[in-house]
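Participant: Please see the structure below; I have some questions.
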Amino acid sequence: MAAKTGLVLLAASFMQLSDSEGPFTHSLECENVETIESHGTLFYACEEDLTPRVEETIQLLGRVKEYEQDVLGMHATGNYRQYASQSHEASAPAISYRLYVAPKFKLGLAPEFIAIPERREYRALVEKPVMLYSNPGPLVDDLADEELFFRENGYDTYRRVMTDFSSPGETIQGANITPGFVGSSPEWQIITEIHEGYHYNDRLFWGHGDRFEGLKESIVTMEGYAGAIDFIKLEYGEGSETYAKTLKKLADWSEFAYLMNKSYAILSNLYVQDITSGEMESRKQEILAGLNAQASALDYRPEAPLNNAVIEGYIPYTRLFPIVYRVYQSHPDIREFAEIMRAVPDAEQEGIDYLEQQAGGVLQ
């Protein structure tokens, strides 16, 4: 094996981390597993998969994880600790699915979650928005037949394919480094690592497992951007292209959040009007056409044309984001901002009131 620049290769048999780094055991199934130490964190990859680009990603992740613990006060996480490629079926990136379903004329603030285990059919009409999800496994359900069922019954749908994107369940293990992750930009890798690290710490260490969904996602989204901006400023400098791109990503997301919240408000107002269903459908399609035209002009765009289900998929991330962004603008020091976010109450209205107070009051 060639020498690894900036990395230290350890014996492949050393698979269990010390308590200070958090228990983690790789699940790779190949003849030779390389154990790589980067800035105090152990990573794993099959020897034949360890390309220079994978090594570069591991080195960056090691630096980000060190920053998370030293600056942001995080515990070590199981996220992004092993590289899972398609070359070994047993340890290939795990795939799961989400299907957002919304009645034709109804929106909510957070869909109800419904688990669909091992390809079991779900054929129940719903009166409010829901999100069906299937976890990775040999019999993972792609939810395609459920989507067809709901579409045939007049519902709006939005189906997402998730490839090892976030840390699953309540376990210490986490998301894998995948070919798609390795192929993404450094700023996206940093934002994602910090975003998922906050989710992991909120759930397992900081007691925020029951935080209201809209608070949780808006807070962690801003924390991902804020942490990435600070890390990149320290690592690359404020004059770097990576720093400029990260600021641009935050601005793009802020514009996108504004459009999602605007879409939610306009359609919610339409759905309470006393008009015929035919007139409501006509107005809905006219509104969506205008909103989709606006979305097409954004640098950050929705993954599918807007409908009720697409908006349901994004609104937990966007509805309260403007308030959290204002808190960040009022408290740009990353340590201070992180402490404020950790103190946000879990209940919806209490959390909103606290954020408004930290942001300097309610905007008129």
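The values are calculated or read from the model by the stated rules, or taken from the named source; none is laboratory data. Here the structure is a predicted model, which is why all the values come from computation and not from measurement. Note: ideal-geometry Cβ built from the backbone for every residue, glycine included; neighbour counts use all protein chains shown.
Participant: Which one of Leu107, Leu125, Leu132 is of a type outside the set (Lys, Arg) and in contact (Cβ under 8 Å) with a residue 60 or more places away in the chain?
Facilitator: Residue meeting the stated conditions: Leu107.
Participant: Would the range 194-216 turn up any residue that is over 23 Å from Gly351 (Cα atoms) and modelled with pLDDT of 95 or more?
Facilitator: No, the range 194-216 contains no residue that is over 23 Å from Gly351 (Cα atoms) and modelled with pLDDT of 95 or more.
Participant: I need the full set of residues from the range 35-66 which are part of a helix (DSSP H, G or I) and more than 21 Å from Ser185 (Cα to Cα), in order please. It would help to see each step written out before you state the result.
Facilitator: Step one: filter the range 35-66 for residues part of a helix (DSSP H, G or I), giving 47-49, 52-66.
Hits for the range 35-66 are Glu47, Glu48.
Participant: Still on this structure: Restricting to the range 291-308, what's the tally of residues that are surrounded by fewer than 13 Cβ atoms within 10 Å (Cβ to Cβ) and in a helix (DSSP H, G or I)?
Facilitator: Matching residues across the range 291-308 total 2.
Participant: Do any residues in the range 309-336 that are outside the structural domain of Asn292 (by TED's automatic domain parsing) and on the phi > 0 side of the Ramachandran plot have Cβ atoms under 6 Å from those of residues that are part of a helix (DSSP H, G or I) and modelled with pLDDT under 95, where the two are at least six apart or on different chains, and which pairs are they?
Facilitator: No pair meets every condition.
Participant: A further question on this structure: Looking for whichever is among the hydrophobic types (A, V, I, L, M, F, W, C), in contact (Cβ under 8 Å) with a residue 40 or more places away in the chain and touching a Ser or Thr at 6+ places or on another chain (Cβ under 7 Å) here; the options are Ala257, Ala226, Ala304. Which one fits?
Facilitator: Just a single option satisfies the conditions, and that option is Ala257.
Participant: Being at pLDDT 95 or above, touching a helix residue (DSSP H, G or I) at 6+ places or on another chain (Cβ under 8 Å) and either closer than 25 Å to Thr163 by Cα or not assigned by TED's automatic domain parsing to the domain that holds Glu217 (or both) is true for just one of Thr35, Thr77, Thr57. Which residue is that?
Facilitator: So the residue among Thr35, Thr77, Thr57 that is at pLDDT 95 or above, touching a helix residue (DSSP H, G or I) at 6+ places or on another chain (Cβ under 8 Å) and either closer than 25 Å to Thr163 by Cα or not assigned by TED's automatic domain parsing to the domain that holds Glu217 (or both) is Thr57.
Participant: Are any residues in the range 261-290 β-branched (Val, Ile, Thr), more than 19 Å from Thr157 (Cβ to Cβ) and in a helix (DSSP H, G or I), and if so, which ones? Reasoning before the result, please.
Facilitator: Initial filter on the range 261-290 (β-branched (Val, Ile, Thr)): 266, 272, 275-276, 287.
From the residues that got through so far, the ones that are more than 19 Å from Thr157 (Cβ to Cβ) too are 266, 272, 275-276.
Passing the criteria: only Ile266.
Participant: Scan the range 325-357 for residues that are surrounded by 21 or more Cβ atoms within 10 Å (Cβ to Cβ), under 9 Å from Leu215 (Cα atoms) and out of contact with any Gly (no Cβ under 6 Å at 6 or more places or on another chain) and jot them down.
Facilitator: Matches in the range 325-357: Gly351 only.
Participant: Considering only residues that are more than 14 Å from Val64 (Cα to Cα), hydrophobic (A, V, I, L, M, F, W, C) and assigned to a helix (DSSP H, G or I), which ones fall in the range 209-236?
Facilitator: Filtering the range 209-236 for residues more than 14 Å from Val64 (Cα to Cα) gives 209-222.
Okay, now just the ones that are also hydrophobic (A, V, I, L, M, F, W, C), so 212, 215, 219-220, 222.
Leu215, Ile219, Val220, Met222, listed by residue number.
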